[in-house]
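Working notes, beginning with the structure itself.
The values are calculated or read from the model by the stated rules, or taken from the named source; none is laboratory data. Everything numeric in this text was worked out from a predicted model, so none of it was measured. Here the Cβ is made from the backbone with ideal geometry for all residues, glycine too, and neighbour counts use every protein chain on show. The area values use the complete protein model at the heavy-atom level, side chains included, leaving out ligands, DNA and RNA. Shrake-Rupley method; radii C 1.70, N 1.55, O 1.52, S 1.80 Å.
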Amino acid sequence: MKTLLEMEAGQRGEVSEIIGGQGFRKKLEALGIFEGRVLEKISQLKLKGPVVLRIDRAQVAIGCESAKRIKLSILE
Amino acid sequence: MDDLKRVKPELLLLGHPNVGKSVLFSRLTGVHAVSSNYVGTTVSYTKGRLTNKEEKSLEVIDAPGIYSLEPLDDAAKVALELIDDARRIVVVVDATHLERQLPFVIEVLAQKRPTILVLNMFDEARHKGVEIDLELLAKELGVRVFATAARTGEGIAALSEAIFELEPAPEDIREREHKKYDLPHPLHHEHLCSHGCATCTNVICQQDTEGHHHLNRKKVWTRVGDIVSRTQTLSKKRHSFLEVLEDMAIHPLWGILVSLVVIVASFIVIRFLGEFLITGDIVFINHTLANVPFGLDLLFEKTWTPLMMGLSHLLGGSGFWHDVLIGQLIDGEIDYFQSFGVLTSGPYIEIVAVMPYVISFYLVMSFLEDSGHLPRMAVFLDNIMHKMGLHGYAFIPTLLGLGCNVPGIMATRILSSKQERFITATLISIAIPCASLQAMIVGILGKFGAMPVIFVYGTLLFVWVGTGVVLKFFVKGDIPELMIEIPPYRIPDGKAMAKKLWVRLWAFLKEAMPVVLASVLVVNLLFQFQAFDAFAYIFSPVVKYLWQMPSESIVPLLVGFIRKDVAVGMFMPLGLSLPQLITGAVVLAMFFPCVATFAVLIKELGFKDSLKSLAIMLIVVMLVGALVAQLAPLIVA
């Protein structure tokens with residue numbers, strides 16, 4: 001299991017745990033991110049920049065602090 | 001645009017940001033709502049009327065684009081209030097990304113209002129190899145479904161007909177429901193399925209401890225996955241050029257290159273087009289290749305100047321009215337930069353010096369907005385902006401502020417936290433020069449080469465970052481993290497861009513022109529009665545010793561409160577040295593926002609925070625002005 005931040009660009013993973021309160025979860029859910037969802041990390045910007053991922057053919061950007069709180073099991 | 005008061009929308013348009021909702025709105029009603037390809041353009045809502053062949057008409061309200069009915073920000077709250085009173089709803093989705101948008105549709109359907117679903121950008125979806133079974137989708141969701149391409153007008157007629165066929169909810173729908181469910185506040189039932197669970201197919205609903213029914217979002221996404229798998233087929237097409245570019249633009253290294261190319265190209269195009277409109281010169285890397293004899297400067301010289309010279313003779317070449325209307329003749333001629341008459345420098349500054357740059361700026365800005373590149377830039381700037389207590393998205397209002405501070409500060413509403421809005425708006429009002437001011441700075445300082453212009457911009461950039469970094473330590477509250485969906489790249493539609501440019505240009509002419517003429521008139525009258533001498537005396541310690549400028553320069557600085565561009569023009573007759581002009585330009589950009597910006601600042605931040613903002617401005621402008629006054633002579637020497 002890795003956090004979204006630790007994942008390599010190009011890897012796909014299934015969300016297994018989200019660490020955070022109701023507000024945080026709701027924001028993520030609105031973007032379609034919750035336990036059981038499969039997503040692909042496509043980019044990690046330098047200097048603690050956001051993570052960009054692909055979910056349902058759409059690109060979503062998430063700040064790196066939030067990315068630390070999303071854990072995924074990597075799919076090969 | 002309207003403030004939020006109790007309105008009962010006969011027809012409400014809802015949808016995610018960036019699904020072409022505003023274009024659809026203008027197709028339906030003919031009113032032009034400013035639409036762009038980034039999140040949160042419609043921060044307030046827009047009204048219009050839809051009329052059919054039988055001359056029946058409906059009031060249509062275009063709600064702000066929102067991702068969900070969760071009241072996470074102001075835009076969602078506005079939309080929720082509107083839904084509560086809505087008698088008919090049209091929910092608009094982007095057909096190219098159905099699976100991203102259906103959860104919102106289900107949320108809206110759970111509100112139990114008479115609803116029609118519109119799959120917009122259907123042409124683009126077809127082009128991308130996305131096939132959607134409309135009939136099956138309609139059956140699954142239990143609503144009528146229409147496919148449109150708002151940009152071309154495809155499907156609009158059928159949609160408008162269907163809207164009139166829809167049986168509206170009773171006018172007092174809100175009161176009826178609130179009575180029925182005994183709800184304290186409209187916002188509290190946003191996720192209730194207000195008619196009990198049986199009608200919302202149970203699979204997406206759950207009950208909380210108080211017996212209220214909520215949508216379960218995970219179940220919604222699962223249900224959407226199920227619907228999409230049956231109604232949508234994707235034929236694998238080769239990655240299109242735009243899709244390749246999309247991935248490149250968010251790559252950690254290639255993306256920086258893409259953004260740099262976009263920024264440099266934007267500056268070159270703005271400058272090229274602005275100068276072309278003024279002079280008619282077609283310039284390529286400092287070489288004038290050709291000249292079209294239709295530059296605004298030439299047209300003004302050929303048509304307006306003879307008229308004004310005639311008037312000058314009529315008025316006898318000097319005297320009270322001559323000096324007010326025509327201004328001072330320089331060597332017997334009108335010099336538009338120095339004469340400063342109501343009818344000479346006034347219109348010249350606005351039409352010849354400033355308007356071309358307003359046109360070229362907004363043209364480039366519209367292109368950037370509609371192409372979908374701005375959110376990508378926001379993603380790249382996120383880490384830098386975090387150092388300033390902001391996240392990447394604050395960059396978009398700031399960029400808008402480079403056109404005019406007023407819409408820039410209004411657009412800070414797309415930011416969700418109060419402290420972020422305070423910092424962004426304060427920084428815009430202090431360090432972001434509007435297009436009018438920039439046109440004059442480039443026009444006047446540009447004559448001395450690139451260095452003075454670069455120095456002014458560099459200083460303002462430094463002030464923007466520096467003030468932000470310092471403010472971060474004083475403004476409490478944590479910085480919300482960036483969390484956005486990035487829209488796909490689109491090739492902007494020429495017609496939509498032209499329309500948007502026209503709306504913005506017209507607003508500029510309508511608002512700026514009377515203010516410019518009036519301010520030149522007032523300034524001239526005050527000059528005639530020597531009213532500025534007192535000001536010059538009071539402010540001279542700051543102006544003279546701190547900023548190293550003649551004490552009369554307080555007059556342009558005060559006029560800057562009304563119009564910044566006019567104020568730069570007023571530096572010319574003072575005969576300032578180049579370092580003094582540079583100091584003047586920097587101080588003018590920072591020293592008190594113009595009155596329109598000031599008004600919108602109070603409206604957006606409230607009186608108390610606006611005063612704080614002004615206090616910060618005064619401290620910064622004193623320090624930076626003094627610093628520039630010391631540095632400028634060294635730099636240009």
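Any idea which residue in segment B:99-112 is nearest to B:Leu166 (Cα to Cα), counting only those that are touching a helix residue (DSSP H, G or I) at 6+ places or on another chain (Cβ under 7 Å) and at pLDDT below 90?
B:Leu109
Quick one: which helices (runs of 4 or more DSSP H) lie wholly within segment B:78-158 and hold at least 3 residues that are closer than 21 Å to B:Arg230 by Cα, touching a strand residue (DSSP E or B) at 6+ places or on another chain (Cβ under 8 Å) and away from chain A (no Cβ under 14 Å)? Reasoning before the result, please.
On the way: elements: B:98-109, B:122-127, B:134-141.
Qualifying helices (runs of 4 or more DSSP H): B:134-141.
In segment B:396-414, what count of residues is obtained for those that are open to solvent by 20 Å² or more (accessible area, probe 1.4 Å) and either of a type in the set (Val, Ile, Thr) or within 14 Å of another protein chain (Cβ to nearest Cβ) (or both)? Talk me through it step by step, then tell me what you get.
Pass one, segment B:396-414, residues open to solvent by 20 Å² or more (accessible area, probe 1.4 Å): B:399, B:402, B:404, B:406-407, B:410, B:413-414.
Next, only the ones that are either of a type in the set (Val, Ile, Thr) or within 14 Å of another protein chain (Cβ to nearest Cβ) (or both) stay: B:406, B:414.
Result for segment B:396-414: 2.
Could you tell me whether B:Val520 is touching a Ser or Thr at 6+ places or on another chain (Cβ under 7 Å) and of a type in the set (A, V, I, L, M)? Can you show your working first?
On the way: touching a Ser or Thr at 6+ places or on another chain (Cβ under 7 Å): yes; of a type in the set (A, V, I, L, M): yes.
Judged against the criteria, B:Val520 is a match.
Take the residues in segment A:55-76 that are under 18 Å from A:Glu17 (Cα atoms) and either in a strand (DSSP E or B) or touching a helix residue (DSSP H, G or I) at 6+ places or on another chain (Cβ under 6 Å) (or both), then tell me which one is farthest from the other protein chains (Cβ to nearest Cβ).
Initially, segment A:55-76 is screened for residues under 18 Å from A:Glu17 (Cα atoms), giving A:55, A:62-75.
Now restrict to residues that are either in a strand (DSSP E or B) or touching a helix residue (DSSP H, G or I) at 6+ places or on another chain (Cβ under 6 Å) (or both): A:55, A:62, A:70-75.
Working: A:Ile55: 8, A:Ile62: 5, A:Ile70: 11, A:Lys71: 17, A:Leu72: 16, A:Ser73: 18, A:Ile74: 20, A:Leu75: 17 Å.
Step by step, filter segment A:55-76, then rank; the result is A:Ile74.
Right, B:Leu505: in a helix (DSSP H, G or I), in contact with a helix residue (DSSP H, G or I) (Cβ under 7 Å, 6 or more places away or on another chain) and in contact (Cβ under 8 Å) with a residue 12 or more places away in the chain or not? Break it down stepwise before answering.
Details: in a helix (DSSP H, G or I): yes; in contact with a helix residue (DSSP H, G or I) (Cβ under 7 Å, 6 or more places away or on another chain): yes; in contact (Cβ under 8 Å) with a residue 12 or more places away in the chain: yes.
For B:Leu505, the condition - in a helix (DSSP H, G or I), in contact with a helix residue (DSSP H, G or I) (Cβ under 7 Å, 6 or more places away or on another chain) and in contact (Cβ under 8 Å) with a residue 12 or more places away in the chain - is met.
State whether the residues of segment B:342-355 include one that is open to solvent by 30 Å² or more (accessible area, probe 1.4 Å) and free of Cβ contacts under 8 Å to residues at least 24 places away in the same chain.
no
Criterion first (of a type outside the set (Phe, Trp, Tyr), surrounded by 14 or more Cβ atoms within 10 Å (Cβ to Cβ) and in contact with a Ser or Thr (Cβ under 9 Å, 6 or more places away or on another chain)) does B:Leu427 satisfy it?
Working: of a type outside the set (Phe, Trp, Tyr): yes; surrounded by 14 or more Cβ atoms within 10 Å (Cβ to Cβ): yes; in contact with a Ser or Thr (Cβ under 9 Å, 6 or more places away or on another chain): yes.
Spelling it out, B:Leu427 is indeed of a type outside the set (Phe, Trp, Tyr), surrounded by 14 or more Cβ atoms within 10 Å (Cβ to Cβ) and in contact with a Ser or Thr (Cβ under 9 Å, 6 or more places away or on another chain).
Each row is one residue, and each column tells you yes or no for (1) open to solvent by less than 10 Å² (accessible area, probe 1.4 Å); (2) closer than 21 Å to B:Ser339 by Cα.
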residue: B:Phe529; (1), (2): no, yes
residue: B:Ala534; (1), (2): no, no
residue: B:Pro550; (1), (2): no, yes
residue: B:Ser553; (1), (2): yes, yes
residue: B:Val559; (1), (2): yes, yes
residue: B:Leu574; (1), (2): no, yes
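For segment A:44-54, give me the residue count where each residue is in contact with a Leu (Cβ under 7 Å, 6 or more places away or on another chain) and facing chain B (nearest Cβ under 7 Å).
So the answer is 1.
Does B:Phe448 meet the test of being within 23 Å of B:Ile256 (Cβ to Cβ) and either surrounded by fewer than 24 Cβ atoms within 10 Å (Cβ to Cβ) or modelled with pLDDT of 90 or more (or both)? Let's see the steps before the verdict.
Numbers: within 23 Å of B:Ile256 (Cβ to Cβ): no; either surrounded by fewer than 24 Cβ atoms within 10 Å (Cβ to Cβ) or modelled with pLDDT of 90 or more (or both): yes.
So B:Phe448 fails the test.
Within segment B:576-616, work out how many residues are surrounded by 16 or more Cβ atoms within 10 Å (Cβ to Cβ), over 30 Å from B:Gln328 (Cα atoms) and among the small types (Gly, Ala, Ser).
Summing the residues that are surrounded by 16 or more Cβ atoms within 10 Å (Cβ to Cβ), over 30 Å from B:Gln328 (Cα atoms) and among the small types (Gly, Ala, Ser) in segment B:576-616 gives 2.
Being more than 19 Å from B:Pro356 (Cβ to Cβ) and either touching a Leu at 6+ places or on another chain (Cβ under 9 Å) or surrounded by fewer than 23 Cβ atoms within 10 Å (Cβ to Cβ) (or both): is that true of B:Ile441 here?
Numbers: more than 19 Å from B:Pro356 (Cβ to Cβ): no; either touching a Leu at 6+ places or on another chain (Cβ under 9 Å) or surrounded by fewer than 23 Cβ atoms within 10 Å (Cβ to Cβ) (or both): yes.
No, not satisfied.
Determine whether B:Met355 is of a type outside the set (S, T, N, Q), at negative phi and out of contact with any Lys or Arg (no Cβ under 7 Å at 6 or more places or on another chain).
It is true that B:Met355 is of a type outside the set (S, T, N, Q), at negative phi and out of contact with any Lys or Arg (no Cβ under 7 Å at 6 or more places or on another chain).
If you go through segment A:23-40 one residue at a time, do you hit one that is part of a loop (DSSP other than H, G, I, E, B) and away from every other protein chain (no Cβ under 11 Å)? Lay out the reasoning, then the answer.
Initially, segment A:23-40 is screened for residues part of a loop (DSSP other than H, G, I, E, B), giving A:31-37.
Next, from what is left, pick out any that are away from every other protein chain (no Cβ under 11 Å): none.
No - not one qualifying residue is present in segment A:23-40.
Restricted to segment B:483-508, and to residues that are of a type in the set (A, V, I, L, M), under 21 Å from B:Ala378 (Cα atoms) and within 20 Å of the chain's Cα centre (by Cα), which residue is farthest from the other protein chains (Cβ to nearest Cβ)? Give the derivation first.
Here is the first cut: in segment B:483-508, the residues of a type in the set (A, V, I, L, M) are B:483-484, B:486, B:491, B:496-498, B:501, B:503, B:505, B:507.
Remaining after also requiring under 21 Å from B:Ala378 (Cα atoms): B:483-484, B:486, B:491.
Remaining after also requiring within 20 Å of the chain's Cα centre (by Cα): B:484, B:486, B:491.
On the way: B:Ile484: 5, B:Ile486: 4, B:Ile491: 18 Å.
Per the stated criteria, the residue is B:Ile491.
Go through segment B:55-77 and give me each residue that's in a helix (DSSP H, G or I) and more than 14 Å from every other protein chain (Cβ to nearest Cβ). Lay out the reasoning, then the answer.
As a first pass, look at segment B:55-77 and keep what is in a helix (DSSP H, G or I): B:74-77.
If the condition is that a residue be in a helix (DSSP H, G or I) and more than 14 Å from every other protein chain (Cβ to nearest Cβ), then B:Asp74, B:Lys77 are the ones that fit.
Hey, can you tell me all the residues within segment B:134-167 that are open to solvent by 50 Å² or more (accessible area, probe 1.4 Å) and at positive phi?
The one that is open to solvent by 50 Å² or more (accessible area, probe 1.4 Å) and at positive phi: B:Gly142.
If you go through segment B:338-389, how many residues are away from chain A (no Cβ under 14 Å) and either in a helix (DSSP H, G or I) or in contact with a strand residue (DSSP E or B) (Cβ under 6 Å, 6 or more places away or on another chain) (or both)?
32
Can you go through A:Leu39, A:Leu4, A:Leu53 and tell me which one is open to solvent by less than 10 Å² (accessible area, probe 1.4 Å), over 23 Å from B:Gly372 (Cα atoms) and modelled with pLDDT of 90 or more? Show your work before the answer.
Values: A:Leu39 fails: over 23 Å from B:Gly372 (Cα atoms); A:Leu53 fails: over 23 Å from B:Gly372 (Cα atoms).
None of the other options fit; the residue is A:Leu4.
Report yes if B:Phe539 is in a helix (DSSP H, G or I), over 20 Å from B:Ile582 (Cβ atoms), of a type in the set (Phe, Trp, Tyr) and touching a helix residue (DSSP H, G or I) at 6+ places or on another chain (Cβ under 6 Å), otherwise no. So that I can check it myself, show each step before the final result.
Values: in a helix (DSSP H, G or I): yes; over 20 Å from B:Ile582 (Cβ atoms): no; of a type in the set (Phe, Trp, Tyr): yes; touching a helix residue (DSSP H, G or I) at 6+ places or on another chain (Cβ under 6 Å): yes.
Considered against the rule, which asks whether it is in a helix (DSSP H, G or I), over 20 Å from B:Ile582 (Cβ atoms), of a type in the set (Phe, Trp, Tyr) and touching a helix residue (DSSP H, G or I) at 6+ places or on another chain (Cβ under 6 Å), B:Phe539 comes out as no.
For segment B:252-274, enumerate the residues that are more than 14 Å from chain A (Cβ to nearest Cβ), open to solvent by less than 50 Å² (accessible area, probe 1.4 Å) and free of Cβ contacts under 8 Å to residues at least 60 places away in the same chain.
Within segment B:252-274, just B:Ala265 meets the criteria.
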